[in-house]
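**Q** So that we are looking at the same thing, I have put the structure below in structure tokens.
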Amino acid sequence: MTDDIRGALIRAVPPLTAPPDRIAQVRRRAARTRGRRTALSLIAAAAATGLAIATPALLSAAGSGRADSRTAGDRPANQPFPTGAAPTSGPAGPDGTDGVGTGRCPAELDLMSQTPAVVAGQDQRLPALPLRAVTLCRYRHVAFDLSAGTASRRAGPVQAPPGEFGAPVDTYVDQRIWRPPSTAPGTPSPGASPPSGGCLMPSPWKDVSVDIVHTVDARGIARQYLLMRITCANPDAPQPARQLEAAVDRLLGPP
Amino acid sequence: MAPLPEDFAEFVAARSAALLRAAWLLTGDAGRAEDLLQTALAGVWPRWGRIVAGGSPEAYVRKALFSTYLSWRRRRWRFEVPAAVPEPAGGQDVGAELAERDAVRRALARLSRQQRAVVVLRYVEDLSVAETAQVLRCSEGTVKVQAGRALAALRMDPHLRADGDAEVHR
């Protein structure tokens, strides 16, 4: 039966002639596509710049410049971004783009080049709760340096119940990002006794498991959090990601 | 503009015929088929090195071809009408051959875009249900349902039924 269908379909295809130089045409088409993308990027950058300039002025004029008590000013500009965790902001990418999105975990992923915010750690807001959507992806990266090579998907996409992730994400962001450096977890203040157990980063000689929690918050803003597992000998050592990791593991299992 | 990788040109030369055939079955038109193939190839070219490193460039290009087709149908080809003029062809019984070709093309045109993609992947590209689901980014159950409906539609299609000699009736 299927052989009959296959035969009928193949016979239905007329003799198709290839263009004289298909490669040249593909080259021209790729160049046109790149040109269009560049033009769109420039337009988007110009629009974003305009918004960045206009928004503070408008907020200031409206007297609402401090709508969120925890804004960029709360975090010193020179504070390094926490290792192994990076939120991103901005709308979820449209279908066809590379990167993690709602209900989407690419098979191969360059963990550090999804968006500029991943690298720079420029996100400055907590997610607005309740979350609308949560997508979980688990990747295996061959090197401790996440910027080297690509990661392979091991699990996901899993659509997680947003209600179960609101509090863990909020706690994680609050403790990892917004805490001033002097009281940041893992940074003991002068005179304080160090924790009795050390925390271990993943071995640089083994594959690294990285979980990505992609969220869309109540305002429709998409963010994602990269979780590299850190093992602490002292169970009481501050681990802001513990609650979020536990929520991930409940759905994906242990890494 | 970066030079084309040599193995990309080799791939295009070796696999274009099969990909173009699939594109024709999807679009029902030689010009659109070539357009579809070139668009898919232009999309994968900038990432060719990584695609080859991934180990299955043909599967990736096929996926790009079908994804492009599905997105094009949504954007531009909503009101596609199959061409009524058959292509000239040789052979002993040209009339019968053209009639069957035209019947199959009309029957395919009556399927939904996803059903047509499933038919081409399953019965022309000879992919498994799981592989088809992976290409189309849907569940295996969806593939089975769409394939079943497509086959039923092909069997019931008046063009094929009127012709009587199309193979899908056997």
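**Q** Being more than 14 Å from the chain's Cα centre (by Cα), basic (Lys, Arg) and at pLDDT 90 or above is true for just one of B:ARG155, B:ARG149, B:ARG161, B:ARG101. Which residue is that?
**A** B:ARG149
**Q** Of B:VAL120, B:VAL135, which residue is in contact with a helix residue (DSSP H, G or I) (Cβ under 9 Å, 6 or more places away or on another chain), surrounded by 20 or more Cβ atoms within 10 Å (Cβ to Cβ) and either within 11 Å of another protein chain (Cβ to nearest Cβ) or among the small types (Gly, Ala, Ser) (or both)?
**A** Among B:VAL120, B:VAL135, only B:VAL120 is in contact with a helix residue (DSSP H, G or I) (Cβ under 9 Å, 6 or more places away or on another chain), surrounded by 20 or more Cβ atoms within 10 Å (Cβ to Cβ) and either within 11 Å of another protein chain (Cβ to nearest Cβ) or among the small types (Gly, Ala, Ser) (or both).
**Q** Continuing with the same structure: Which of the residues belonging to region B:53-67 are over 19 Å from B:ARG137 (Cα atoms) and facing another protein chain (nearest Cβ under 9 Å)?
**A** B:ALA53
**Q** May I pose another question? Of the residues in region A:1-39, how many are at pLDDT below 75, charged (D, E, K, R) and not in a helix (DSSP H, G or I)?
**A** 0
**Q** Scanning for something in contact with an Asp or Glu (Cβ under 7 Å, 6 or more places away or on another chain) and at pLDDT 85 or above, does region B:69-83 turn up at least one residue?
**A** Within region B:69-83, not a single residue is in contact with an Asp or Glu (Cβ under 7 Å, 6 or more places away or on another chain) and at pLDDT 85 or above.
Here's the yes/no breakdown for (1) more than 10 Å from chain A (Cβ to nearest Cβ); (2) part of a helix (DSSP H, G or I); (3) of a type in the set (Lys, Arg); (4) surrounded by 18 or more Cβ atoms within 10 Å (Cβ to Cβ):
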| residue | (1), (2), (3), (4) |
| --- | --- |
| B:ALA22 | no, yes, no, yes |
| B:ARG32 | yes, yes, yes, yes |
| B:ILE51 | no, yes, no, yes |
| B:TYR69 | yes, yes, no, yes |
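The values are calculated or read from the model by the stated rules, or taken from the named source; none is laboratory data. Since this is a predicted model, take the numbers as computed values, not measurements. Note that we place each Cβ from the backbone using ideal geometry, even for glycine, and neighbour counts take in every protein chain shown.
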